[in-house]
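First the structure, in the form of structure tokens, and then the observations on it.
No lab work stands behind these numbers, since they all come straight from the coordinates. Not measured: the values here are computed from a predicted model. Glycine gets a Cβ as well: all are built from the backbone with ideal geometry, and neighbour counts include every protein chain shown.
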């Protein structure tokens, strides 16, 4: 069984937001709904200040609080690691939005708290999520961690990676490259 | 009769406003609410917590009549059941409209997640609703059935579990430090009893005033004590919450507490929660000379204060932005203000609880005498109450 994950090298991000638009096109989202976002921060002290851009999306946690709190199991975790939503089971209580430490859920026009799906249904056919394939700087690498020959497995060996808000104990499947390594 | 009709006009208008709000929400969805992805729970959730907790508090106090032989509790057991049912129905109205897809509630049964606090809330409050409907039914048909001590104890356990779980829904969220922690279920229980006592005081006074009975004279001292003690405990818990929050190492907890005491929620916190909701009622109950009107005024202020305690409790934890990436904070506080449609629904819920109880009071026999013996038939109502 594949174990999907993503590695993000934020130091390569230019902030063009093509990933966000590609995702919106892929899933035919309305302009106000987006499954990934860019956060900007300043780093360093004057005069050596630089801007860092951090892409954020659903972390497909191995211990997802959104799944734990969902009263109807509308949010579920697949064996390959994807955290998905069954809209037909969602009652719209928004508990998952409140419980998510990454603020990645967005309510769609049908009242479903949506989020990144790691392009379920598309990746199984060998495709790459559009946020990955569209990026001109190859900020994101997506693949199977169980396959030692996958690009993500190789890259994970080469870099020092970390997870966002790891102290929350959610065990995210999205890793970030520690800059300078 | 005329007096009753006159008093029911206001809640009926409030219900009408609530129905307009309901239709608007059903037609336009979440766009009509003040909530956002950053602050997904707003005044409707606060209103639900208020009504559900108050219904549980009323049920806990009145339910003691089923399991004890204390005459003061027995005298309000029937009214308590109907009042709790009215409050719970109002709460269910709010939560039903708040849910985006309430018809999918079927999956709570077919695909339950027993780890979820909301699942347990649905289960425990459905049980409570069922027991209240039975209590109300038997209070009219076979009142002696109400005095089965074992069933009474089971129902009380159900009530305590329901209201503690209501607190636990918030308390388990580790990413919201303002809610997270073990003290919240206990806080919810205490404030539920407080709001229940306050609601019973206002109700008993209104009924006594309307029907000229001496019910208020006999029951008010006991209800005053319950309200007074829970007011003091709530005040102490609030002081502890502020002290703990301000000295917490956690940024989110400190900021949420600051939002309450000197931030965007400060005016509401100090004026409506602390002064009107807690301090003035404590003064009215414990310091000023006892009079029924003062106790009723304290209860009214407490009820208003508790509503805003619920609102601030819901909002404060969410307006603090979560720090996902260290060094990045989009804003100091997210904003939330209830929309017109949300206020309309809240007005409707208050109106519905008053209207349902008022109609029950007028159409049914809700009286018991002070010794707990149920008065049979409307013809002997006034006499029996006066005897009590």
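Once label points are set 7 Å from the Cα along Cα→Cβ at both residue B:126 and residue B:3, what is their separation, rounded to one decimal in nm?
So the two model labels end up 4.3 nm from each other.
Could you give the length gained on full extension between residue B:115 and residue B:304, defined as 0.36 nm per residue of separation minus the Cα-Cα distance, in nm?
On the way: separation 189, 0.36 × 189 = 68.04 nm, distance 3.35 nm.
Residue separation times 0.36 nm, minus the Cα-Cα distance, leaves 64.7 nm.
Quick one: angle between helix B:340-363 and the longest Cα principal axis of chain B, in degrees between 0 and 90, rounded to 10, please.
Result, in degrees: 10.
Tell me, what is the FRET efficiency for residue B:225 and residue B:150 to the nearest 0.05, using R0 = 35 angstrom and their Cβ-Cβ distance as r?
On the way: r = 27 Å, r/R0 = 0.78.
Working from the Cβ atoms, E equals 0.80.
Which FRET efficiency value, to the nearest 0.05, is calculated for residue A:163 and residue B:328 with the Förster distance at 25 angstrom and r the Cβ-Cβ distance? Spell out each step's value before the answer.
On the way: r = 16 Å, r/R0 = 0.63.
Plugging the Cβ-Cβ distance into 1/(1 + (r/R0)^6) gives 0.95.
Given N residues in region B:13-369, what is its alpha carbon radius of gyration divided by 2.2 N^0.38 Å? The partial results should precede the final answer.
Details: Rg = 20.2 Å, N = 357, 2.2 N^0.38 = 20.5 Å.
Cα Rg divided by the expected 2.2 N^0.38 Å: 0.98.
Starting from the Cα gyration tensor of the protein assembly as shown, take the square roots of the eigenvalues, sort them a ≥ b ≥ c, and report rounded, prolate or oblate (rounded when a/c is under 1.5, otherwise prolate if a/b is larger than b/c, else oblate). Write down the numbers at each step before the final one.
Values: a/c = 2.61, a/b = 2.13, b/c = 1.22.
It is prolate, given that a/c is not under 1.5 and a/b is the larger ratio.
Each label point is 7 Å from the Cα along the Cα-to-Cβ direction; what then is the distance between the points at residue B:138 and residue A:1, in nm?
Between residue B:138 and residue A:1, the simple spin-label model gives 4.8 nm.
Counting pairs of Cα atoms in region A:4-177, how many percent are more than 28 Å apart? Present the calculation step by step, with values, prior to reporting the outcome.
On the way: 3218 of 15051 pairs.
Result for the distance tail: 21 percent.
Taking each residue of B:99-112 in turn, how many C-beta atoms of other protein chains fall within 10 Å of its C-beta, and what is the average? Working shown, then result.
Numbers: counts 6, 11, 12, 4, 2, 11, 5, 3, 10, 6, 1, 3, 8, 3.
For this peptide, the per-residue mean of nearby foreign Cβ atoms is 6.
Using only Cα atoms, find the angle between the long axis of helix B:77-98 and the longest principal axis of chain B, and express it within 0 to 90 degrees, rounded to the nearest 10.
Here the helix axis deviates by roughly 30 degrees.
In whole percent, what relative contact order does chain B give with Cα contacts below 8 Å and a gap of six or more residues? Could you put the intermediate results ahead of the total?
On the way: 605 pairs, mean separation 117.8, N = 388.
The value is 30 percent.
Expected output is a single nm value to one decimal: the length gained when fully extending between residue A:125 and residue A:21, i.e. 0.36 nm times separation in residues minus the C-alpha distance. What is it?
Details: separation 104, 0.36 × 104 = 37.44 nm, distance 2.19 nm.
Roughly 35.2 nm would be gained on extension.
Grab the beta carbon distance between residue B:157 and residue A:43, set R0 = 41 Å, and tell me the FRET efficiency rounded to 0.05. If you can, show how the numbers build up before the last one.
Numbers: r = 55 Å, r/R0 = 1.35.
The value I calculate is 0.15.
Express in nm, to one decimal, how much length is gained between residue A:137 and residue A:88 on full extension, taking 0.36 nm for each residue of separation and deducting their alpha carbon distance.
Numbers: separation 49, 0.36 × 49 = 17.64 nm, distance 3.75 nm.
Gain in length upon complete extension: 13.9 nm.
Describe numerically, in nm with one decimal, the distance between label points set 7 Å from Cα along Cα→Cβ at residue B:105 and at residue A:28.
3.2
By count of other Cβ within 10 Å, fewest leading, how are A:60, B:31, B:334 ordered?
Working: A:60 25, B:31 11, B:334 18.
Placing the least packed residue first, the sequence is B:31, B:334, A:60.
Treating the angle as unsigned and between 0 and 90°, give the value, to the nearest 10°, between the Cα long axis of helix B:251-261 and the longest Cα principal axis of chain B.
Between the helix axis and the principal axis of chain B, the angle is about 50 degrees.
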